[in-house]
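Step one of this worksheet: look at the structure below.
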Amino acid sequence: MTEAVGSRQAQPPAHGIVQRNANLRAGPGTTYAVVGNVQQATVIDIAGCNTACDWYQLAEGKWIAATLVTAVPD
C-alpha cells in the first residue's frame, strides 16, 4: 500500500534488485524487528512505500530500505 506525500502520491518502483545482502524488517525503519533477509542480486516485487518512500514494502508485508534497492524498469 502506497501512502500519500502531501498532496501527491509517492510512487515506488514495481520491481527492484537488491544491491547487497540485507535484512527485512517488520516495519519501515531499523527500530523494527528483523523478520527475514534477502540476498544480493535478488529481484523483489515492491507493493508500496512509507510516506517518505525511503522504505519499500514487499508483497508479503516485509520492509527493506530503499537505499538497498535499484529500480528495475517495467
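The values are calculated or read from the model by the stated rules, or taken from the named source; none is laboratory data. Since the structure is predicted, the reported quantities are computational estimates derived from the model, not experimental observations. Every residue, glycine among them, receives a Cβ derived from its backbone with ideal geometry; neighbour counts consider all protein chains shown. What goes into the accessible areas is simple: the full protein's heavy atoms, side chains included, and nothing from ligands, DNA or RNA. Shrake-Rupley method; radii C 1.70, N 1.55, O 1.52, S 1.80 Å.
If the condition is being in contact (Cβ under 8 Å) with a residue 24 or more places away in the chain and of a type in the set (D, E, K, R), then region 57-72 contributes only Lys62.
Each residue in region 35-70 was checked for being assigned to a strand (DSSP E or B) and either touching a Leu at 6+ places or on another chain (Cβ under 7 Å) or open to solvent by less than 60 Å² (accessible area, probe 1.4 Å) (or both), and 18 pass.
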